[in-house]
Amino acid sequence: YKNLEIILVDDGSPDNCGAICDEYAAKDHRIKVIHKENGGLSSARNTGLKHARGEYVMHVDGDDFLEKNALELLYKAVRENEVDVAWCDYYITFENKKRVITQPSFDTTEDAVRGMLRGTMKYNVWNKLCRRSLYVDNNITFPDGKSMGEDLTMIMVFLHASSCVFVNKPLYNYVQNPGQMTAAYN
């Protein structure tokens, strides 16, 4: 899928990430880079949303990646089914292996929220393609200043969505590296 806008948010990274982002943007007009002071993951997501112009939004964490056909399949699902939100299975990807994490299918957004609250469906931000107007029209943002819990925002998105569809394929790679933010314990 090529008709997309890619927003890379350099959230005050102390390494060479900002320069790498700029290099990608110089090679592809679809890529826009926003450099900002470090504000955390929620702040970076909010910044990306503020600059997004597409009809749908998908968040990809900096250490993760999508399968090559992920956006094509998710976008096809939302268009063919005329829905607000699509989600998919995903891989937990380790150094030399990956494991499929299957997600349940629900017919309604209300059932999906019940699934999230019961723990049968993950409310991760990153394996979902959502109509951008759900965020904008309902003033939904990620909790700035919080180091965790931004995934709970998906419950709000689903509560405002009128329809949904599940794509029964692992399309997102949730990479597990020693020392990353989600693996660190303090």
Check: Once the Cα atoms of the stretch 60-186 are picked out, what are the Rg and Dmax in Å?
Finding: 14.6, 45
Item checked: Accessible area per residue in Å² at 1.4 Å probe, computed on the stretch 1-83 -> 62 Å²
Item checked: Helix-only mean residue ellipticity at 222 nm for the chain, each DSSP H run of n ≥ 4 adding -39500 (n - 2.57), per residue, nearest 500 -> -9000 deg cm²/dmol
Notebook entry, point to check: Kirkwood hydrodynamic radius for the stretch 1-128: how many Å is it when counted over pairs of different Cα atoms?
Noted result: 16.5 Å
Margin query: Normalised by the empirical 2.2 N^0.38 Å for globular proteins, what value does the Cα Rg of the stretch 65-134 take?
Written below: 1.17
Item checked: 5 angstrom amide H check on Tyr172, placed H, neighbours 5+ away -> Glu67, Tyr91
Check: Is any residue of the stretch 52-88 close enough, with backbone N under 20 Å, to a label point placed 7 angstrom from the Cα of Glu95 along the Cα-Cβ axis, and if so, which?
Finding: 63-65
Check: From the backbone phi of the stretch 20-32, what are the Karplus-calculated ³J(HN,Hα) couplings (6.51 cos²θ - 1.76 cosθ + 1.60, θ = phi - 60°) in whole Hz, Gly and Pro given as x?
Finding: 5, 4, 4, 4, 4, 5, 5, 8, 8, 5, 7, 9, 10
Checklist line | Cα lying deepest toward the dipole's positive end in the chain, options Gln176, Asn69, Tyr123, charges on Cβ | finding: Asn69
Note to self: For the stretch 1-85, what does the relative contact order come out to in percent, with C-alpha contacts under 8 Å and a separation of six or more?
What the structure shows: 31 percent
Next item on the list: Hand me the tally of lysine pairs in the stretch 79-186: alpha carbons under 20 angstrom apart, and the pair either on different chains or 8 or more positions apart.
Entry: 7
Checklist line | Counted charge near Asn177, where neighbours are those whose Cβ lies closer than 11 Å (Asp, Glu -1; Lys, Arg +1) | finding: -3
Check: Under a 5 Å amide H to amide H cut-off, with H placed in plane at 1.01 Å, what residues pair with Lys128 once short-range neighbours are removed?
Finding: His59
Check: Excluding Asn46 itself, what net charge comes from residues whose Cβ is under 11 Å from its Cβ, given Lys and Arg +1 and Asp and Glu -1?
Finding: 0
Note to self: I need to check one value: relative contact order of the stretch 87-186, counting alpha carbon pairs closer than 8 Å and at least 6 residues apart, in percent.
What the structure shows: 45 percent
Check: So, in nm, how far is label Thr102 from label Ser133 when the simple model puts each one 7 Å beyond its Cα toward the Cβ?
Finding: 3.5 nm
Margin query: Please compute the length gained on full extension between His35 and Asp63, using 0.36 nm multiplied by the number of residues separating them and subtracting their Cα-Cα distance.
Written below: 8.3 nm
Next item on the list: Give, as ranges by residue number, the residues of the stretch 7-37 whose backbone N falls under 17 Å from the point 7 Å along Cα→Cβ of Lys169.
Entry: none
Item checked: Sequence-separation-based contact order of the chain, relative, with Cα cut under 8 Å and 6+ spacing, percent -> 29 percent
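The values are calculated or read from the model by the stated rules, or taken from the named source; none is laboratory data. Just so we're clear, the structure is a prediction, and the values are computed from it rather than from any experiment. For neighbour counting, all protein chains shown are included, and Cβ atoms are generated from backbone atoms with ideal geometry for every residue, glycine included. The protein model used for the area step is the full one, side chains on, heavy atoms only, and it has no ligands, DNA or RNA in it. Shrake-Rupley method; radii C 1.70, N 1.55, O 1.52, S 1.80 Å.
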